[in-house]
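K.L.:
One structure follows; several queries about it will come next.
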Amino acid sequence: MKKWMLLSTAALLAACGGTDEESNNGAENDAPAEENTAENNMNEENTGGNENADEDGGEEEPSENNTSDENEASSDGITISHALGETELEEEPETIVALEWTYVEDLLALGVQPAGVADIEGYNQWVNIEEELSGDAVDVGTRQEPSLEEIARLEPDLIITASFRHEAIADSLEEIAPTVMFNPYPEEGEGGQYEEMETTFNEIASAVGREDEAETVLSDLEDTYAEAEEALSGVEAAENEFVVSQAFSANEQATLRLFNDNSMLMSILDRIGISNAFEEDEFQVYGYTETSVEALEPYGDANFMHIVQEDDNVFENQLAGNPVWEGLDFVENDRVYALPGDTWTFGGPLSAEVIADEVVNALTEEE
């Protein structure tokens with residue numbers, strides 16, 4: 001196993017951000033938003049189901065969230081900057097374990113197959129990118145509770161995960177292999193989730209010696225945005241502002257997660273010319289506000305876009321006949337648009353491409 005050294009450690013706080021994103025989206029999403037929908041579908045960690053139930057209030061110190069200088073690859077090794085400080089590797093890692101789906105996606109986008117992945121079944125269900133995970137990848141437990149024994153058995157050169165999930169077991173992971181932990185949910189003033197995604201992607205690319213590949217991936221993503229914006233040019237629906245929600249049932253009640261400007265999802269939509277109508281008075285670190293249908297009343301003039309699971313469609317079930325829902329102007333005038341239920345809103349650049357395409361499909365299918 002390659003030698004490594006933890007150079008410095010930023011202040012650590014209780015891993016709060018266990019966003020249950022995965023539960024809500026039906027897939028333990030990364031951000032608590034998806035957890036709820038998935039929580040009902042995949043209670044393990046999704047946003048709707050708060051797979052990361054830690055998110056309920058625990059907030060991580062705004063650690064430097066990947067804002068340090070670019071990785072340095074030299075005769076002295078490779079320095080990876082991450083949420084807990086910097087980790088130095090003597091050489092490029094060959095055997096990598098990724099405990100967060102976003103970082104699995106990042107590796108695949110760079111042409112690198114991870115040896116170990118947390119919850120492979122969930123990953124394959126929710127991360128709908130073209131690049132496929134190898135059948136040789138070993139499942140190392142859940143994202144919430146990975147198996148240290150399985151990880152150690154792989155003798156990895158590098159472990160990649162999220163600080164909000166695994167800060168508490170950082171020492172145990174580091175006994176197995178050098179471990180880097182990124183924070184996908186920056187605090188207010190620390191930048192948005194989208195910028196963090198790009199920074200982390202480039203950090204991982206530097207760690208595995210794939211900087212050129214990363215540049216190509218991000219360039220292709222910008223091309224996708226430009227093509228999507230062009231496709232929406234002149235589309236009437238795209239000229240209006242949108243409220244975007246991931247919705248699920250909790251205690252048999254309809255719960256809506258309304259996405260804020262700092263979320264990955266709304267940052268992607270903004271890049272293709274879709275404006276956010278929803279405004280939140282207070283910063284939401286996970287990028288969404290969890291609320292009820294009554295919160296939509298001020299936004300009746302906007303368009304509405306949603307993500308729901310087929311077996312938990314609160315708009316056809318709990319809200320059918322609801323006077324508030326039925327009375328909203330966008331409902332009365334058929335300005336409600338659906339994204340696929342497995343839309344993954346907490347991913348990397350390849351998932352961002354998928355979302356851009358899905359939005360174009362949703363808004364143009366009737367044109």
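K.L.:
Look at region 321-339 and say how many of its residues are in a helix (DSSP H, G or I) and within 17 Å of Asn240 (Cα to Cα).
P.N.:
4
K.L.:
Hey, any hits in region 166-182 for a residue that's among the aliphatic types (A, V, I, L, M), touching a Pro at 6+ places or on another chain (Cβ under 9 Å), open to solvent by 20 Å² or more (accessible area, probe 1.4 Å) and farther than 27 Å from Val285 by Cα?
P.N.:
So the first thing to find is which residues in region 166-182 are among the aliphatic types (A, V, I, L, M), and the list is 168-170, 173, 176-177, 180-181.
Checking which are touching a Pro at 6+ places or on another chain (Cβ under 9 Å) leaves us with 169, 173, 176-177.
Keeping just the survivors that are open to solvent by 20 Å² or more (accessible area, probe 1.4 Å) gives 169, 176.
With the extra rule that they be farther than 27 Å from Val285 by Cα, the set shrinks to 176.
The answer is yes, given that some residue of region 166-182 is among the aliphatic types (A, V, I, L, M), touching a Pro at 6+ places or on another chain (Cβ under 9 Å), open to solvent by 20 Å² or more (accessible area, probe 1.4 Å) and farther than 27 Å from Val285 by Cα.
K.L.:
Going by what's in this entry, would Thr87 be described as polar (S, T, N, Q), buried (at least 20 other Cβ atoms within 10 Å of the Cβ) and under 24 Å from Thr199 (Cα atoms)?
P.N.:
Values: polar (S, T, N, Q): yes; buried (at least 20 other Cβ atoms within 10 Å of the Cβ): yes; under 24 Å from Thr199 (Cα atoms): yes.
Yes; evaluated as a whole, the condition is true for this residue.
K.L.:
Considering only residues that are within 16 Å of Ser263 (Cβ to Cβ), of a type in the set (Phe, Trp, Tyr), open to solvent by 20 Å² or more (accessible area, probe 1.4 Å) and outside any loop (DSSP other than H, G, I, E, B), which ones fall in region 280-309?
P.N.:
none
K.L.:
Taking into account only those residues within region 249-260 that are open to solvent by 10 Å² or more (accessible area, probe 1.4 Å) and either of a type in the set (A, V, I, L, M, F, W, C) or in contact (Cβ under 8 Å) with a residue 40 or more places away in the chain (or both), which is nearest to Asp312 (Cα to Cα)?
P.N.:
Ser249
K.L.:
Residues of region 223-248 being in contact with a strand residue (DSSP E or B) (Cβ under 6 Å, 6 or more places away or on another chain) and crowded, with 20+ Cβ neighbours inside 10 Å, which ones?
P.N.:
Passing the criteria: Phe242, Val243, Val244, Ser245, Gln246, Ala247, Phe248.
K.L.:
Yes or no: region 124-147 includes at least one residue that is β-branched (Val, Ile, Thr), in a loop (DSSP other than H, G, I, E, B) and open to solvent by 30 Å² or more (accessible area, probe 1.4 Å). Even if it seems obvious, please write down each step before you answer.
P.N.:
Filtering region 124-147 for residues β-branched (Val, Ile, Thr) gives 127, 129, 138, 140, 142.
Next, from what is left, pick out any that are in a loop (DSSP other than H, G, I, E, B): 127, 129, 140, 142.
Checking which are open to solvent by 30 Å² or more (accessible area, probe 1.4 Å) leaves us with 142.
Yes; the residues of region 124-147 include at least one that is β-branched (Val, Ile, Thr), in a loop (DSSP other than H, G, I, E, B) and open to solvent by 30 Å² or more (accessible area, probe 1.4 Å).
The values are calculated or read from the model by the stated rules, or taken from the named source; none is laboratory data. Worth saying up front: this structure is predicted, and the values here are computed from it rather than measured. Ideal geometry is used to build each Cβ from the backbone, glycine not excepted, and the neighbour counts take in all protein chains shown. Quick note on the areas: whole protein, heavy atoms, side chains included, nothing else; ligands and nucleic acids left out. Shrake-Rupley method; radii C 1.70, N 1.55, O 1.52, S 1.80 Å.
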